[in-house]
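A quick write-up on the structure given underneath.
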Number of protein chains: 4
Amino acid sequence: MREPLLSISEVREFLDNVFPQMRGLMEVEAVGSMSARVRMKIGEAELRPGGTVSGPSMFALADCAFYIATLAMIGRESLTVTTNCSINFMRKPGPVDLIGEARIMKLGRSLSVGEVTVFSEGMEEPVAHATLTYSVPPKKG
Amino acid sequence: MREPLLSISEVREFLDNVFPQMRGLMEVEAVGSMSARVRMKIGEAELRPGGTVSGPSMFALADCAFYIATLAMIGRESLTVTTNCSINFMRKPGPVDLIGEARIMKLGRSLSVGEVTVFSEGMEEPVAHATLTYSVPPKKG
Amino acid sequence: MREPLLSISEVREFLDNVFPQMRGLMEVEAVGSMSARVRMKIGEAELRPGGTVSGPSMFALADCAFYIATLAMIGRESLTVTTNCSINFMRKPGPVDLIGEARIMKLGRSLSVGEVTVFSEGMEEPVAHATLTYSVPPKKG
Amino acid sequence: MREPLLSISEVREFLDNVFPQMRGLMEVEAVGSMSARVRMKIGEAELRPGGTVSGPSMFALADCAFYIATLAMIGRESLTVTTNCSINFMRKPGPVDLIGEARIMKLGRSLSVGEVTVFSEGMEEPVAHATLTYSVPPKKG
């Protein structure tokens with residue numbers, strides 16, 4: 001089992017420096033072997049008519065959670081970029097926080113491939129599911 | 001050739017009523033047969049380190065542009081929902097407006113399927129490409 | 001927990017009648033609540049240079065396994081059709097049987113959405129992963 | 001405009017050597033700048049009940065057509081592999097040949113990204129649409 005290179009506090013510190021705009025929006029709840037759990041704090045800006053969370057917000061969480069799972073495994077690399085995401089929206093979330101459970105299925109030399117299941121706090125069934133591919137920068141040296 | 005049910009000004013008025021949060025962010029530039037063009041105004045909130053536009057912003061534009069193309073064809077239906085989106089990120093956008101060109105490939109009784117090509121203003125090659133499926137509410141009566 | 005409407009022997013009998021061309025190629029190994037496991041027998045026709053299994057074969061198994069998981073839940077409906085599939089190819093399979101583990105994430109009135117993880121017999125890590133959407137025919141009466 | 005490195009006859013000869021199993025099944029009809037057109041000959045093996053062509057056959061054509069468009073641009077590289085495909089099935093094909101129109105949207109150092117529109121001969125509207133990513137082997141030397 002491959003262990004993450006970064007601890008949860010190292011991940012939080014790195015994000016805080018590199019993506020200060022995520023402060024207060026995305027909270028890293030757990031980091032593990034090839035996995036991460038991230039909470040998205042839902043406020044007025046993320047809501048749609050009818051008291052549900054917008055699709056782009058669910059996408060943003062999936063993208064962020066998978067980035068964090070990959071970051072924890074490969075170390076401080078702010079250069080990884082999403083190359084592909086396929087997302088299915090399955091149920092309407094409530095006007096509450098979203099939780100993204102990310103799992104890496106393949107961590108290769110140039111690509112990280114995996115999935116994120118998105119939950120609306122308090123609902124048992126997932127509201128969305130995404131598969132993502134991140135391009136990983138080649139190692140220097 | 002199927003003509004849109006709504007004119008561009010009817011689309012703009014409908015969006016302004018139903019999605020007031022899009023005001024100043026998304027501008028409908030054109031509506032045609034099975035197609036639409038939407039501009040996303042890029043400000044500080046959409047930027048990432050290095051002066052590029054975030055992936056979730058490109059997703060938000062693709063989602064919005066395809067919604068508008070579908071809305072114009074089927075009429076005022078705020079209930080359509082995205083069921084699936086697959087997006088490829090191909091180039092880094094500059095810190096300028098994004099333009100989404102949406103095209104419906106199939107408009108069926110229950111699904112609208114199509115693609116959106118996303119451009120960064122002033123670049124010839126697209127920065128992202130998405131295929132989307134929207135669920136269309138059944139006609140009453 | 002929703003139970004399947006059809007037993008494994010009912011599923012096998014139905015497939016044998018409706019898709020006789022799958023005989024000897026696809027074997028239903030298990031059917032459960034919102035899930036199924038299907039084995040694809042690999043012969044010369046499915047191999048590519050280098051002794052690996054072709055991408056279209058992995059796609060065919062994913063499509064078949066998800067169809068069977070859905071069929072078992074909704075009953076004999078040969079009319080369900082795939083509307084979307086996003087598949088990631090992650091590792092080279094060996095020249096041996098493939099196994100597809102299908103799981104339904106949402107079974108709605110008109111759509112069945114889920115995922116299939118594809119394994120090459122004897123390898124621990126998956127060789128491919130697909131998310132699929134099937135359109136389910138409306139109930140008569 | 002980038003020109004293909006291989007002519008149509010060079011592409012045909014290469015395929016014939018490397019993928020002899022495609023003989024009589026896939027016919028390269030055109031090769032151009034970042035594009036290709038491939039015909040799939042439909043016989044009994046590709047048909048489903050009701051006289052339509054199976055989903056896996058449409059996938060196989062999309063995969064093959066995009067491979068050929070990429071091959072023509074980068075030269076004889078049998079090592080390129082599909083990493084991702086998202087395909088939407090939109091209409092039922094007739095029991096006739098399929099035609100795949102491939103277009104590369106980005107040809108980078110390590111990835112080729114593009115789309116294939118699949119037509120059923122004699123129908124104006126496409127029956128399927130796929131976006132694909134191919135991993136391209138690094139240049140030697």
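The values are calculated or read from the model by the stated rules, or taken from the named source; none is laboratory data. In this text the structure is predicted, and so the values were computed from the model without any measurement. Here Cβ is always computed from backbone atoms with ideal geometry, including for glycine, and neighbour counts include all displayed protein chains.
Among the residues making up segment C:96-123, those that are over 20 Å from A:Leu111 (Cα atoms), more than 8 Å from chain A (Cβ to nearest Cβ) and of a type in the set (Val, Ile, Thr) are C:Val96, C:Ile99, C:Ile104, C:Val116. Just one of the listed residues (C:Ala72, C:Ala102) is in contact (Cβ under 8 Å) with a residue 12 or more places away in the chain, aliphatic (A, V, I, L, M), in a strand (DSSP E or B) and within 26 Å of C:Pro20 (Cβ to Cβ), namely C:Ala102. Checking each residue in segment D:56-82 for being in contact with a Phe, Trp or Tyr (Cβ under 6 Å, 6 or more places away or on another chain) and within 8 Å of another protein chain (Cβ to nearest Cβ) picks out D:Pro56, D:Phe59, D:Thr82. Screening A:Gly43 against (1) away from chain B (no Cβ under 14 Å); (2) over 13 Å from the mean Cα position of the chain (by Cα) leaves a single unmet condition, (1). A single entry from C:Val28, C:Val38, C:Val18 fulfils the requirement of being away from chain A (no Cβ under 14 Å) and either more than 15 Å from the chain's Cα centre (by Cα) or acidic (Asp, Glu) (or both): C:Val18. Scanning for something surrounded by 23 or more Cβ atoms within 10 Å (Cβ to Cβ), aromatic (Phe, Trp, Tyr) and either in a strand (DSSP E or B) or touching a strand residue (DSSP E or B) at 6+ places or on another chain (Cβ under 9 Å) (or both), does segment C:77-89 turn up at least one residue? Yes, the conditions are met somewhere in segment C:77-89. Looking at segment A:91-107, which of its residues are out of contact with any Gly (no Cβ under 7 Å at 6 or more places or on another chain) and either among the acidic types (Asp, Glu) or surrounded by 23 or more Cβ atoms within 10 Å (Cβ to Cβ) (or both)? Result: A:Pro93, A:Asp97, A:Leu98, A:Gly100, A:Glu101. Residues considered: C:Pro93, C:Pro126. Of these, the only one that is away from chain A (no Cβ under 13 Å) and either of a type in the set (S, T, N, Q) or touching a strand residue (DSSP E or B) at 6+ places or on another chain (Cβ under 8 Å) (or both) is C:Pro93.
Residues in segment C:108-138 that are modelled with pLDDT under 95 and either hydrophobic (A, V, I, L, M, F, W, C) or crowded, with 23+ Cβ neighbours inside 10 Å (or both): C:Leu111, C:Val136. For segment C:42-51, residues that are in contact (Cβ under 8 Å) with a residue 24 or more places away in the chain and either surrounded by 19 or more Cβ atoms within 10 Å (Cβ to Cβ) or in a helix (DSSP H, G or I) (or both) total 1.
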